[in-house]
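The values are calculated or read from the model by the stated rules, or taken from the named source; none is laboratory data. Fair warning: this is a prediction, and the values are worked out from it, not measured in the lab. Reconstructed Cβ throughout: ideal geometry from the backbone, glycine too, with neighbour counts over all protein chains shown. Just so you know, the surface numbers come from the protein's heavy atoms only, side chains and all, with ligands and any DNA or RNA stripped out. Shrake-Rupley method; radii C 1.70, N 1.55, O 1.52, S 1.80 Å.
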Amino acid sequence: MKLQQLRYIWEVAHHELNVSATAQSLFTSQPGISKQIRLLEDELGVEIFARSGKHLTHVTPAGKVILETAGEVLRKVESIKQVAQEYSNERKGELSIATTHTQARYALPATIKSFIERYPDVALHMHQGTPMQISEMAADGSVDFAIATEALELFSDLIMMPCYRWNRCILVPRDHPLTQRSLVSLEDVAAHPIVTYVFGFTGRSKLDEAFLEKGLEPRVVFTAADADVIKTYVRLGLGIGIVAAMAYDQDKDADLVALDASHLFASSVTQIGCRRGTFLRGYMYEFIQDFAPHLTRELVQEAFQRHTRAELEGLFSHLELPVY
């Protein structure tokens, strides 16, 4: 059994069983990958992939278990490389982050600018996606960190650490009747068509829970993953917008009014998550603390020693998170 063979089966499984695409991504030949997979299956005495002619159709039950173990082996190998790099050149390497548009656009710029200035020889990669995609990337080791509000708690292999708490605002044109209300009610909001985040994005669940608790059915007429897109359609008169308060810029959005909605919807917590057992290099600790100053190196290390979700929550229960 060769490490290269484990990498091939892992990559094929993560390229939708497309051997050609895998070969292109690994800069090697398709026949070479197919041959090595067959040699591994022959050695193990089981099929990892089921086939129809020359095409792979699905992962076998045995293959699923083998792939899970192969992933763990490959991550351990990567950790060994990270350890070597940390001791050979602590200021050079890579850092990959998966996050949503809202975090990338509004929460992370200052941290990333500061990090790049401090570590010019660290290649920083940002991946954007849905909270579920982001969590999956962190859980399978495709990225170092996932930064999101939703879905991280669905993956038991992730160490989740709270960064900050945030509230929502309601965006309306300056001549909208809601601007005349001293305090907007949930009934007021439900009376208008709503433009907001796609379900599963940026704390959308808190919004739905609030309406459900009041027995109200909101008229959500348009959803998007991007707060800037939501603002565009509010300007077109499609409806009132409900977005993260941090997404409102007083200068760039001067044609819109942001109405406080913190009394209508429970606040949400953005978290940073990484896979349990990940080797964190020095600059990774610094990135975390720059983004969330209360997450010191010592606290993060202590989090990695906790074994259950309840233990993690207990560790962070005393923190007073900043509110945005």
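Of note:
- All positions within region 157-172 that are part of a loop (DSSP other than H, G, I, E, B) and either closer than 20 Å to residue 315 by Cα or open to solvent by 70 Å² or more (accessible area, probe 1.4 Å) (or both): 157
- In region 236-256, the residues that are under 19 Å from residue 188 (Cα atoms) and over 26 Å from the mean Cα position of the chain (by Cα): 237, 238, 239, 240, 256
- Taken over region 74-110, the criterion of being free of Cβ contacts under 8 Å to residues at least 40 places away in the same chain and touching a Ser or Thr at 6+ places or on another chain (Cβ under 8 Å) is satisfied by no residue.
- Test set (1) surrounded by fewer than 17 Cβ atoms within 10 Å (Cβ to Cβ); (2) closer than 27 Å to residue 224 by Cα - residue 121 fails condition number: (2)
- Of all the residues in region 86-107, those that are within 18 Å of residue 141 (Cα to Cα) and surrounded by 15 or more Cβ atoms within 10 Å (Cβ to Cβ) number 7.
To keep it simple, each residue is scored yes or no on (1) surrounded by fewer than 18 Cβ atoms within 10 Å (Cβ to Cβ); (2) in contact (Cβ under 8 Å) with a residue 40 or more places away in the chain; (3) at positive phi; (4) touching a helix residue (DSSP H, G or I) at 6+ places or on another chain (Cβ under 8 Å).
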residue: 17; (1), (2), (3), (4): yes, yes, yes, no
residue: 38; (1), (2), (3), (4): yes, no, no, no
residue: 56; (1), (2), (3), (4): no, yes, no, yes
residue: 68; (1), (2), (3), (4): yes, no, no, no
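- Screening residue 110 against (1) farther than 14 Å from residue 146 by Cβ; (2) of a type in the set (A, V, I, L, M, F, W, C); (3) open to solvent by less than 30 Å² (accessible area, probe 1.4 Å) leaves a single unmet condition, (3).
- Answer residue from region 21-36, given it is in a loop (DSSP other than H, G, I, E, B) and at pLDDT 90 or above and is surrounded by the fewest Cβ atoms within 10 Å (Cβ to Cβ) among those: 29
- Test: residue 234 is touching a Pro at 6+ places or on another chain (Cβ under 8 Å) and either of a type in the set (Ser, Thr, Tyr) or over 21 Å from residue 199 (Cα atoms) (or both): no
- Within region 224-324, strands (runs of 3 or more DSSP E) holding 1 or more residues that are in contact (Cβ under 8 Å) with a residue 24 or more places away in the chain and open to solvent by 60 Å² or more (accessible area, probe 1.4 Å): 256-260
- In region 173-194, the residues that are assigned to a strand (DSSP E or B) and either small (Gly, Ala, Ser) or buried (at least 20 other Cβ atoms within 10 Å of the Cβ) (or both): 194
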